[in-house]
Amino acid sequence: QSVLTQPPSVSAAPGQKVTISCSGSDSYIGNKFVSWYQHLPGTAPKLLIYDNNKRPSGIPDRFSGSNSGTSATLGITGLQTGDEADYYCATWDRSLSAYVFGAGTKVTVV
Amino acid sequence: QIQLQQSGPRLVKPSQTLSLTCVISGDSVSSDRAAWNWIRQSPSRGLEWLGRTYYRSKWYNDYELSVKSRITVNPDTSKNHVSLHLISVTPEDTAIYYCVREPVGAHFDHWGEGTLVTVSS
């Protein structure tokens, strides 16, 4: 059972913006580093954001991350059909000595 | 360039052991700036972290609580690879298994291609 909560799905038109939230209980996320992954069917997940708001080289600045209070957020601007995928947040849980993932959010470009 | 090449059986019978190997190129399993993880993905459970091994003057392991009694992640320094063993598997262990590098910091930057393992008689 995931301790990070994401919306099951979000959608928007091409060129628009979507945001995906990742929330935990008891300020679970606010003082932790969150990373985000894009998962396209048939491929390995790809790192989009790490340390809440940093982008690896090669990731366009259309992707952004933030973390405040009990929720982290992934933003995607200038939505493209190629952005249709599942997106997951993750963080290290020190009390469990384990990584936890959110259940994933499906992004649809309508 | 870091590459992770996975291998192992794609079909495992219930109650038997799932074993996968991940050969690391472009980095060292003994690096003190990386950890080596196994993560699986299934339609019903999404991404699920299973465990990791890493070296910081000595070897350490961390495992996900729900599989802790059944899992072993081992390094092999002579072959520069990391292995996953999951005993007493059931159909619920059917998933795509990924070998994943974790650099210093809480994230995963390099993923193997994934191995679909089916648990079925």
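Sort through B:Pro14, B:Pro9 and tell me the only one that's open to solvent by 40 Å² or more (accessible area, probe 1.4 Å), in contact with a helix residue (DSSP H, G or I) (Cβ under 8 Å, 6 or more places away or on another chain), over 24 Å from A:Leu4 (Cβ atoms) and modelled with pLDDT of 95 or more. So that I can check it myself, show each step before the final result.
Values: B:Pro9 fails: in contact with a helix residue (DSSP H, G or I) (Cβ under 8 Å, 6 or more places away or on another chain).
Being open to solvent by 40 Å² or more (accessible area, probe 1.4 Å), in contact with a helix residue (DSSP H, G or I) (Cβ under 8 Å, 6 or more places away or on another chain), over 24 Å from A:Leu4 (Cβ atoms) and modelled with pLDDT of 95 or more holds for just one of B:Pro14, B:Pro9, which is B:Pro14.
Give the stretch B:74-121 a look and list any residue that's in a loop (DSSP other than H, G, I, E, B) and open to solvent by 50 Å² or more (accessible area, probe 1.4 Å), or say none. Explain how you work it out, then say what you get.
Residues of the stretch B:74-121 that are in a loop (DSSP other than H, G, I, E, B), as a first pass: B:77-80, B:87-90, B:94, B:104-109, B:112-114, B:120-121.
Listed by number, the residues that qualify are B:Thr77, B:Ser78, B:Lys79, B:Ile87, B:Ser88, B:Thr90, B:Val104, B:Glu113, B:Ser120, B:Ser121.
Considering only residues that are under 14 Å from the mean Cα position of the chain (by Cα) and away from chain A (no Cβ under 14 Å), look in the stretch B:18-33 and name the one that is farthest from B:Cys99 (Cα to Cα). If you could, list the steps in order and put the result at the bottom.
As a first pass, look at the stretch B:18-33 and keep what is under 14 Å from the mean Cα position of the chain (by Cα): B:18-24, B:29.
Among the residues that remain, those that are also away from chain A (no Cβ under 14 Å) are: B:18-21, B:23-24, B:29.
Values: B:Leu18: 14, B:Ser19: 12, B:Leu20: 9, B:Thr21: 8, B:Val23: 9, B:Ile24: 10, B:Val29: 12 Å.
My answer is B:Leu18.
Residues of the stretch A:77-92 being open to solvent by less than 20 Å² (accessible area, probe 1.4 Å) and in contact with a Phe, Trp or Tyr (Cβ under 6 Å, 6 or more places away or on another chain), which ones?
Step one: of the stretch A:77-92, the residues open to solvent by less than 20 Å² (accessible area, probe 1.4 Å) are A:79, A:83, A:85, A:87-91.
Those that are open to solvent by less than 20 Å² (accessible area, probe 1.4 Å) and in contact with a Phe, Trp or Tyr (Cβ under 6 Å, 6 or more places away or on another chain): A:Tyr88, A:Cys89, A:Ala90.
How do the pairs read when you match residues in the stretch A:1-20 that are part of a loop (DSSP other than H, G, I, E, B) with residues anywhere that are open to solvent by 80 Å² or more (accessible area, probe 1.4 Å) and of a type outside the set (Asp, Glu), using Cβ under 8 Å and keeping only pairs 6 or more apart or on different chains?
Cβ pairs passing all conditions: A:Pro8/A:Lys106; A:Ala13/A:Val110; A:Pro14/A:Gln80; A:Pro14/A:Thr81.
Farther than 19 Å from B:Trp111 by Cα, without any contact (Cβ under 8 Å) to a residue 24 or more places away in the chain and open to solvent by less than 40 Å² (accessible area, probe 1.4 Å), is that true of B:Val67? Can you show your working first?
On the way: farther than 19 Å from B:Trp111 by Cα: yes; without any contact (Cβ under 8 Å) to a residue 24 or more places away in the chain: yes; open to solvent by less than 40 Å² (accessible area, probe 1.4 Å): yes.
It is true that B:Val67 is farther than 19 Å from B:Trp111 by Cα, without any contact (Cβ under 8 Å) to a residue 24 or more places away in the chain and open to solvent by less than 40 Å² (accessible area, probe 1.4 Å).
Would a scan of the stretch A:34-43 turn up a residue that is open to solvent by less than 50 Å² (accessible area, probe 1.4 Å) and not in a strand (DSSP E or B)? Even if it seems obvious, please write down each step before you answer.
Taking the stretch A:34-43 as the starting set, the residues that turn out to be open to solvent by less than 50 Å² (accessible area, probe 1.4 Å) are A:34-39.
In the following step, the residues that additionally are not in a strand (DSSP E or B) were identified as none.
No, the stretch A:34-43 contains no residue that is open to solvent by less than 50 Å² (accessible area, probe 1.4 Å) and not in a strand (DSSP E or B).
Across the stretch A:44-92, what is the total count of residues that are touching a residue at least 40 places away in the same chain (Cβ under 8 Å), more than 21 Å from B:Ser42 (Cα to Cα) and part of a loop (DSSP other than H, G, I, E, B)?
Residues flagged as touching a residue at least 40 places away in the same chain (Cβ under 8 Å), more than 21 Å from B:Ser42 (Cα to Cα) and part of a loop (DSSP other than H, G, I, E, B) within the stretch A:44-92 amount to 6.
Could you tell me which numbered condition A:Gly30 fails, if it satisfies all but one of (1) more than 14 Å from every other protein chain (Cβ to nearest Cβ); (2) within 26 Å of B:Glu64 (Cβ to Cβ); (3) out of contact with any strand residue (DSSP E or B) (no Cβ under 9 Å at 6 or more places or on another chain)?
(3)
Please determine, by comparing only the residues of the stretch A:58-71 that are modelled with pLDDT of 95 or more and of a type outside the set (Val, Ile, Thr), which one is most open to solvent (accessible area, probe 1.4 Å).
Keep residues of the stretch A:58-71 that are modelled with pLDDT of 95 or more, which gives A:58-66.
With of a type outside the set (Val, Ile, Thr) added as a condition, the list becomes A:58, A:60-66.
On the way: A:Gly58: 78, A:Pro60: 56, A:Asp61: 115, A:Arg62: 44, A:Phe63: 10, A:Ser64: 58, A:Gly65: 17, A:Ser66: 58 Å².
Filtering first and then ranking leaves A:Asp61.
The values are calculated or read from the model by the stated rules, or taken from the named source; none is laboratory data. Predicted model, so just to flag it, every value in this text is computed and none were measured. Glycine gets a Cβ as well: all are built from the backbone with ideal geometry, and neighbour counts include every protein chain shown. Calculation scope for accessible area: heavy atoms of the full protein, side chains included, ligands and nucleic acids excluded. Shrake-Rupley method; radii C 1.70, N 1.55, O 1.52, S 1.80 Å.
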